[in-house]
Structures are given as C-alpha cells and as structure tokens.
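First up is the structure itself, then whatever we jot down about it.
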Amino acid sequence: MNDVVDKNIQLENNNKQLFNICLRTSSLKNPGSIKTYQSIGGYEQIKRILKNNIDPQQLIDEIKISGLRGRGGAGFPTGVKWSFMPRDYDGTKYIVCNSDEGEPGTFKDRDIIRYNPHQLIEGMIIGAYIMNAQVGFNYIHGEIWEEYVSFEKAIEDARKAGFLGNNILGSGFDFELHAVHGYGAYICGEETALIESIEGKKGQPRYKPPFPATYGIYGKPTNVNNTETYASIPWIIEHGGQEFMNHGVPNSGGTKIFSVSGHVEKPGNYEIQLGMPFRQLLAEAGGVWKNRRLKAVIPGGPSTPVVPANIIMDATLDYDGLAQIGSSVGAGSMIVMDESTCMVQALRRLSYFFYEESCGQCTPCREGTGWVYRIVDRIFKGQATLADLDLLTDVSKKISGRTICALGDAAATPVLSFIKHFRSEFENFIKHGKSLN
Amino acid sequence: MNLKLKKLIDKELKKYPSDKKQSAVIAALAIMQNDRGWLSKEDISEVALYLDMPEIAVLEVATFYNMFDLKSVGKYKLSICTNISCMLRQADHIVNHLKEKLQIDFNEVTKDGKFCLKESECMGACGGAPLLTVNNQKMHENLNIDKVDQLLKELK
C-alpha cells in the first residue's frame with residue numbers, strides 16, 4: 001500500500017515535459033538549413049572553442065557532468081568514451097557517427113538528419129576537436145536515401161561556410177567530414193561491423209578487445225557514437241553540463257528522443273526530459289489508437305524486453321526507471337501494442353528479423369536465430385506442442401552470451417520476455433492451434 | 001562503365017585514402033545498380049577492376065547487403081516493410097492488395113517487366129508505417145489502399 005502511495009506522490013511531483021534539444025529546429029521554417037541553425041546560435045560553440053583554444057579536457061569534464069550516455073542503445077557515458085581516444089597518437093584518427101538505425105521501431109536519427117543536420121555536424125566538429133581526429137564519417141542507413149542526399153548537401157554548406165576542411169576558421173585545426181551510405185544490413189549498426197563496412201567489406205563484427213579507440217578504421221584509433229549523442233553536444237557546451245543534467249534525473253541526464261510507433265494515435269518522435277512517466281508520453285502520442293486498451297510496450301526497441309501494460313503504466317522513462325521494471329531505454333524505440341495484438345504473431349515477425357539479419361559469423365546466432373524462427377512459426381501455424389515452448393527458451397538461452405556481438409543477445413531478448421509475460425497466450429495458441437485473441 | 005559512372009565513383013573515392021579504394025565498393029555497386037537496374041556478373045567484374053579488388057570480394061559485398069539485386073527486378077522495385085511497427089499498422093493489407101493487383105508474389109516480376117515486389121526489413125521510418133520504397137530511393141509513407149493505387153498509376 002505504501003508503495004502505491006509513494007509512487008503516486010512521485011508521479012505528482014514529476015514535472016517532466018517535452019523539450020527539444022536535438023530536434024530544436026524542427027518547428028522552425030526550413031529547419032534543416034544552415035541559416036536556420038545559425039539563427040538560433042548554431043556553430044557559435046565551435047567558433048568559441050577554436051578562438052579561445054579551449055582545453056579539450058575541460059570540454060570532456062563538461063560532458064561528463066552532463067550525464068550524457070550513448071543514445072544508440074548501449075548507454076555508455078559519452079565523456080568517458082571520448083577520454084579513451086589516445087590524444088598523443090601520431091597519425092590519422094577517425095570519428096564516426098552511427099546513423100545506421102534499422103532496429104524495428106527506430107527512426108529518430110532520420111529526423112535529426114532531416115531537421116537538424118548542422119547541430120549534428122557541429123557536434124562532430126567539437127568531438128573531432130576534443131579527440132583530435134582529422135576525419136569523420138556519418139554512416140547513414142541504406143533505406144533513407146533522401147536523408148543521405150540532404151546530409152551530403154549539409155556537409156557542403158558547412159564546408160562553404162568554413163566549418164569543415166583545412167585550417168577551420170583560421171585556427172589551424174583540420175577536420176574533414178563525409179557521408180557514407182549503408183545498403184541494407186542491420187548488423188552494420190554494431191560499431192565494429194560498421195567499421196568493416198566503411199572498409200568495404202561484409203559487415204561482420206570484430207572481436208573486442210582491441211576496441212575501436214585503439215584499433216578502428218584501417219587499424220587507426222576510432223570513436224563511434226550515435227547521431228543523437230553527437231547532436232546533443234553543442235547544446236551541452238553552450239548551456240553547460242549541469243543544465244543538461246537538470247533536464248533529466250540523476251544517472252539519466254538530459255533529454256532523449258523516444259520514437260513512438262505502432263498502436264498510438266500520433267506515431268512520431270518525442271524528445272522528452274528523462275524521467276517522464278510513461279503514461280504522460282503515451283498521452284502526448286495521442287493515447288492508444290481507436291480507443292482500445294493497451295496490452296504491451298517494447299520500450300526501447302526489440303533488443304529491450306517487452307513489458308505488459310499494467311507494469312509499464314507506472315514506470316518512468318529513464319535508465320533506472322526502465323531497469324527497475326526489467327527492461328531498458330535502448331535507443332528509445334517504443335513499440336506500442338493494443339489489446340488486439342497477437343503476441344505469437346508479433347514474436348514471429350521479430351524472430352524472423354533477427355534470423356534474416358544475423359551476419360552468419362557465429363554458429364549460435366546463425367543457427368539459433370533460424371531455429372527460433374522455425375519454432376515460433378510452427379506455433380503460429382498450429383503445428384507445435386507445449387514442449388516447444390521450453391525448447392524455444394532453451395535455444396534462446398544458448399544463443400545469449402555466446403556470440404561476438406550483441407545481436408545474439410538481442411535475438412534472445414524478445415523470445416524470453418514474450419514467453420515470460422505472455423506464456424498463457426502462447427500455451428493457448430498451441431492448445432487450440434490458433435490465436436484466442 | 002561509361003565516363004559518367006566513373007565520375008560518380010571517383011567522387012566517392014575522394015572520401016577515403018588513395019590506397020583504400022575498397023572502401024568505396026558499396027557506393028560503386030549502388031551507382032552501377034542505379035544505372036542498370038540490377039547487378040550482373042559483368043557489373044561485378046567491372047567494379048572489381050575499377051577498384052583493384054578481387055571479384056569475389058566484390059561479390060561478397062553484393063550478396064551481403066540486402067538492397068543489392070543480383071537478378072532483374074523489373075522497372076520498379078517496390079520494397080515494402082512488414083516488420084513489427086508496419087505489421088501493427090496493417091502492412092499485410094497493403095501487401096495483399098499489391099500481390100492481388102500485380103498478380104505476383106514476393107521476389108517475382110510482373111509479366112510486362114514493370115514491377116517487382118520485395119519484402120523488406122525495417123527501414124528506420126516506423127513513424128510513417130506502413131511504408132515502401134521505390135527502387136531503393138523514393139519512400140512512400142502512411143500508406144493506404146488508395147495511396148498505393150495512386151502510386152501504381154503514377155509509375156509509368
């Protein structure tokens with residue numbers, strides 16, 4: 001009882017709102033243009049840094065204070081990651097922006113590229129200055145061709161304005177940035193697969209260690225960060241780390257874009273102050289569509305565990321809040337499912353995705369993802385027995401933790417969480433050979 | 001490979017060190033495919049020759065990345081996403097309509113060589129589900145039956 005009361009007080013005291021940092025130009029006219037970005041103070045931070053020759057360590061400290069964590073899903077503290085790059089390395093160093101978003105439900109980087117590309121570019125220039133990198137790449141998901149073309153133009157505009165190239169703004173600092181277009185491989189969102197892809201190979205992840213900070217593109221020190229992470233940097237440098245932190249909650253500093261898709265009235269990107277209650281974001285997205293009831297939510301993309309409605313309804317959206325209910329922020333790719341959703345069908349589609357996208361390098365993932373898909377497909381076709389449920393769990397557990405990269409773990413996550421929370425629905429489907437939904 | 005294509009590939013090569021031509025292989029294959037509709041064995045060989053790569057290394061890339069086609073896909077390749085966010089917003093209705101209207105299944109080409117239908121994985125635009133792309137480039141979002149019919153009419 002006390003728990004319930006405490007939770008209500010906590011929700012009432014929560015005054016989190018939508019707040020645009022990465023998407024702050026999105027409501028302006030011609031949001032993606034360099035002119036628009038400069039009209040809100042864009043590129044002023046890199047000017048100030050170069051003019052005053054600000055110590056990179058001071059900037060890293062500011063980013064550490066901000067609490068910014070990798071927005072691609074891993075949630076690793078950005079300031080710490082950047083300090084791994086060897087500063088005194090004598091040779092080319094690379095930084096890479098990972099815009100290869102292809103995990104189902106993920107579509108935030110696309111809007112940053114469409115509506116605020118120059119903030120991303122300025123974030124990368126600042127990153128290059130801090131890590132002393134000379135060359136950067138933005139690796140863009142293959143299926144968003146128009147955004148790739150528009151980003152190429154944004155780079156051109158930044159170069160013409162003197163923010164890219166040799167001797168930027170007369171400072172003696174050189175940085176060149178290029179756009180790279182993927183061509184339809186989810187695995188390339190994994191940072192070492194992405195590096196292989198930039199080298200012109202199949203996107204198969206590398207063993208770690210060595211980590212990219214010591215052995216990345218062409219064996220050179222390389223940093224890889226997500227689009228949203230880089231796009232947050234200019235704002236943090238402008239307003240200070242503490243101000244960014246204050247938008248969120250302890251351990252989850254700042255704002256985060258949640259891409260809401262599926263059964264809501266208004267699917268789309270919502271940049272929230274971390275710590276916002278789930279029910280508030282659901283309301284912002286227009287609520288569950290067609291006046292139906294909520295059944296389940298995948299909070300951060302299929303590599304984060306599904307959560308039933310009654311549990312997520314009282315959760316807050318931040319790293320600790322979602323960890324408390326057994327899930328995770330992931331990339332903020334929130335997939336909402338209403339009461340009509342057949343969980344067997346949903347899991348079948350997700351399992352097919354991981355089977356199709358496994359790079360084939362590690363046996364447990366290559367064979368296991370196919371095995372998992374075939375079992376779920378068997379259930380869906382009414383040809384399974386109850387023993388198949390245990391087999392499904394068993395196979396999934398044997399993929400998890402036994403592969404070079406996290407795709408294996410990601411493939412196991414939906415299986416284990418769907419069966420954990422919706423076991424009776426799976427059992428009923430098997431007994432009756434069809435959905436009872 | 002004509003001069004126009006070479007120029008486009010050269011532009012991509014400029015992004016990488018001069019001894020790392022292989023880095024441009026995905027871009028070079030995409031440029032070839034845009035020009036020719038799909039990648040033949042001869043196209044693979046030409047790219048290998050131009051980038052000083054073994055043919056097998058180019059073929060590996062062409063077979064690994066889903067957006068490359070090693071068989072004819074007709075004049076218009078319609079790639080429709082059926083992944084979860086699209087599935088929840090009834091992509092299956094669109095798929096069934098297209099299959100019926102074009103009288104083809106996935107991975108088939110219409111008799112007149114005009115359309116090919118591909119089932120696609122997530123395109124990273126789920127806020128606009130259901131959606132499809134035409135020839136890997138133009139994306140059409142928030143599809144319904146009327147929009148699909150209109151699109152088929154416009155693709156001459």
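The values are calculated or read from the model by the stated rules, or taken from the named source; none is laboratory data. Please read all numbers here as calculations on a predicted model, not as lab measurements. Backbone-built Cβ (ideal geometry, glycine too); neighbour counts: all protein chains shown. Heavy atoms of the whole protein, side chains included, go into the accessibility calculation; ligands, DNA and RNA do not. Shrake-Rupley method; radii C 1.70, N 1.55, O 1.52, S 1.80 Å.
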(request) State the answer as a single residue: which of B:N2, B:S79, B:Q103 lies farthest towards the positive end of the charge dipole of chain B, with beta carbon charges of +1 for Lys and Arg and -1 for Asp and Glu, about the Cα centre. (result) B:N2
(message) Quick check on my link table: of B:K14/B:K71; A:K29/A:K108; B:K4/B:K75; A:K47/A:K153; A:K153/B:K6, which ones sit more than 26 Å apart, alpha carbon to alpha carbon?
(response) B:K14/B:K71
(message) As an exercise, use a Förster radius of 41 Å and the Cβ-Cβ distance of A:K47 and B:L3 to find the FRET efficiency, rounded to the nearest 0.05.
(response) 0.50
(request) For region A:140-147, take each phi angle, set θ = phi - 60°, evaluate the Karplus expression 6.51 cos²θ - 1.76 cosθ + 1.60, and give the result in whole Hz per residue in order, putting x for glycine and proline. (result) 9, 3, x, 6, 9, 5, 5, 5
(request) Rounding to the nearest 20 debye, state how big the charge dipole of chain A is about its Cα centre with +1 on each Lys and Arg Cβ and -1 on each Asp and Glu Cβ. (result) 640
(message) Once you order the gyration tensor axes a ≥ b ≥ c over the Cα atoms, which shape class does region A:63-164 get: rounded for a/c under 1.5, otherwise prolate or oblate by comparing a/b with b/c?
(response) oblate
(message) Can you give me the long-range amide H partners of A:V135? Hydrogens built in the peptide plane at 1.01 Å from N, cutoff under 5 Å, separation of 5 or more residues or another chain.
(response) A:K93, A:I95, A:E176
(request) Could you order peptides A:284-295, A:324-335 by the average number of other Cβ atoms within 10 Å of their residues, highest first? (result) A:324-335, A:284-295
(message) At a threshold of 8 angstrom on Cα-Cα distance, excluding pairs fewer than six apart, so keeping six or more, what relative contact order does chain A reach in percent?
(response) 16
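Provide a whole-number value for the mean count of partner chain Cβ atoms within 10 Å of the Cβ atoms in peptide A:105-111. Spell out each step's value before the answer.
Details: counts 9, 5, 9, 2, 1, 7, 2.
Average neighbour count from other chains, rounded to a whole number: 5.
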(request) Can you grab the distance from the C-alpha centre of region A:359-426 to the C-alpha centre of region B:1-73, Å, no decimals? (result) 36
(request) Enumerate the aspartates and glutamates that B:K15 could reach by cross-link, defined here as Cα to Cα under 14 Å, with residues fewer than 8 away along the same chain left out. (result) A:E152, A:E156, A:E176, A:E199
(request) Would you please give the residues with an amide H less than 5 Å from that of A:V264, counting only those at least 5 places away or on a separate chain, with H modeled from the backbone geometry? (result) A:W289
(message) Given a 1.4 angstrom probe, what's the average accessible area per residue across the protein assembly as shown, in square angstrom?
(response) 40
(message) If I take the Cα coordinates of region A:186-226 and project them onto the principal axes, what are the three extents in Å, biggest first?
(response) 24, 20, 16
(request) For A:K290, put the label point 7 Å out on the Cα→Cβ axis and report which residues of region A:246-276 keep their amide N under 13 Å from it. (result) A:263-265
(request) Rounded to whole Hz and in sequence order, give me ³J(HN,Hα) for region A:230-237 from the Karplus expression 6.51 cos²θ - 1.76 cosθ + 1.60, θ = phi - 60°, writing x for Gly and Pro. (result) 4, 5, 7, 4, x, 5, 4, 5
(message) Rg over Rh of the protein assembly as shown, using C-alpha atoms and the Kirkwood radius, what does it come to?
(response) 0.96
(message) Modelling each spin label as a point 7 Å along the Cα-to-Cβ direction, I'd like the B:K153/A:A406 distance in nm, to one decimal.
(response) 4.7
(request) May I ask for the angle, rounded to the nearest 10°, between helix A:343-357 and the longest principal axis of chain A, with both axes built from Cα atoms and the value confined to 0 to 90°? (result) 50
(message) Checking the a/c ratio against 1.5 first, then a/b against b/c, what shape does the Cα gyration tensor give for region A:164-281?
(response) oblate
(message) Counting only other chains, and only Cβ atoms inside 10 Å, what mean value do you get across the residues of B:137-149?
(response) 1
(request) For chain B, state the average projected area of the convex hull of the C-alpha atoms over all orientations, rounded to one decimal in nm². (result) 10.0
(message) If I compute solvent accessible area with a 1.4 Å probe over the protein chains, what percent of it on chain A is carbon and sulfur?
(response) 49
(message) Give me the base-10 log of I(q)/I(0) for region B:69-156 at each q in 0.11, 0.17, 0.26 Å⁻¹, Debye formula, one uniform scatterer per Cα, rounded to two decimals.
(response) -0.25, -0.62, -1.49
(request) With N set to the residue count of region A:12-126, report its C-alpha Rg divided by 2.2 N^0.38 Å to two decimal places. (result) 1.20
(request) Kindly work out what percent of the DSSP beta bridges joining two residues of the protein assembly as shown are antiparallel, to the nearest 5. (result) 50
(message) Excluding ligands, DNA and RNA, what is the accessible area buried between chains A and B, summed over both sides, using a 1.4 Å probe, to the nearest 100 Å²?
(response) 4100
(message) Let me make sure I get this right: for region A:212-294, a, b and c are the square roots of the gyration tensor eigenvalues over alpha carbons, sorted descending. Under 1.5 in a/c it's rounded, otherwise prolate if a/b > b/c, else oblate. Which is it?
(response) oblate
(message) Give me the residues in region B:60-82 whose solvent-accessible area, probe 1.4 Å, is reduced by at least 10 Å² once all protein chains are included instead of the chain isolated.
(response) B:E60, B:V61, B:F64, B:Y65, B:N66, B:M67, B:F68, B:T82
(request) Give a residue-ordered list of calculated ³J(HN,Hα) values for region B:46-56 (Karplus: 6.51 cos²θ - 1.76 cosθ + 1.60, θ = phi - 60°; whole Hz; x for Gly, Pro). (result) 4, 5, 4, 5, 5, 9, 6, 10, x, 4, 5
(message) If I model a spin label at A:T363 and A:K431 as a point 7 Å from the Cα along the Cα→Cβ vector, what separation in nanometres do I get?
(response) 3.9
(request) Give the Kirkwood hydrodynamic radius (Å, one decimal) of region A:293-437, defined as one over the mean of 1/r across all pairs of different Cα atoms. (result) 15.3
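At 10 °C and 1.306 mPa s, what whole-number value in µm²/s does Stokes-Einstein give for the translational diffusion of region A:89-246, with Rh from the Kirkwood sum over Cα pairs?
Roughly 100 µm²/s, to the nearest whole number.
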(request) Place the peptides A:84-97, B:22-35 in order of packing, highest mean first, counting for every residue the other Cβ atoms within 10 Å and averaging per peptide. (result) B:22-35, A:84-97
(message) What distance in nm separates the two pseudo spin-label positions at A:D390 and B:H97, each 7 Å out from Cα along the beta-carbon direction?
(response) 4.7
